[in-house]
Amino acid sequence: MSSSRFPLLQREEERGVEVTWEDQKHINQFSKLNTRVERLEEEYKKQKEEKEYLDDLAMEIELADEDEPIFYKVGDAFIQLPLEKAQTRVEKAKENIDEHVEKLDSQISAIQSEMDGLKKMLYDKFGQAINLEKS
């Protein structure tokens, strides 16, 4: 499509659209939400990696000899635990991570939903004059 077919649109974009205080508040809110969702996505990724690590650890513990103690990391130190206690701790840690991942997922979804509403409102007003997409 040639730009000559839409001369009014082209002139309107050249002039720009006036940004009101309310518009600026919406843009700022979108920016804050975007930053927050990025942090939550990073945390989500870390928790998923930790879950994979714990899954691998659970498999290794299953292969361990029942009579030998398991070295289990607590903070910066390792303690020796009987096999059953180590398995219990790993399962509890996996459950905690699963709960945390579900919470993060619901927070991300809620924020993205709010961002979608703001994005629609801002694109409706500013069109191509604003870019709200991730680069």
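The values are calculated or read from the model by the stated rules, or taken from the named source; none is laboratory data. Bear in mind the structure is a predicted one, so any value in this text is a computation, not a measurement. Reconstructed Cβ throughout: ideal geometry from the backbone, glycine too, with neighbour counts over all protein chains shown. Ligands, DNA and RNA are excluded from the accessible area calculation, which covers all protein heavy atoms including side chains. Shrake-Rupley method; radii C 1.70, N 1.55, O 1.52, S 1.80 Å.
Brief remarks on what is shown
- Residues considered: Asp98, Asp67. Of these, the only one that is over 19 Å from Gln24 (Cα atoms) and outside any helix (DSSP H, G or I) is Asp67.
- Residue match in the range 33-42 (condition: touching a residue at least 24 places away in the same chain (Cβ under 8 Å) and either open to solvent by 70 Å² or more (accessible area, probe 1.4 Å) or in contact with a Leu (Cβ under 7 Å, 6 or more places away or on another chain) (or both)): yes
- The number of residues in the range 103-126 that are touching an Asp or Glu at 6+ places or on another chain (Cβ under 7 Å) and either open to solvent by less than 60 Å² (accessible area, probe 1.4 Å) or not in a helix (DSSP H, G or I) (or both) comes to 2.
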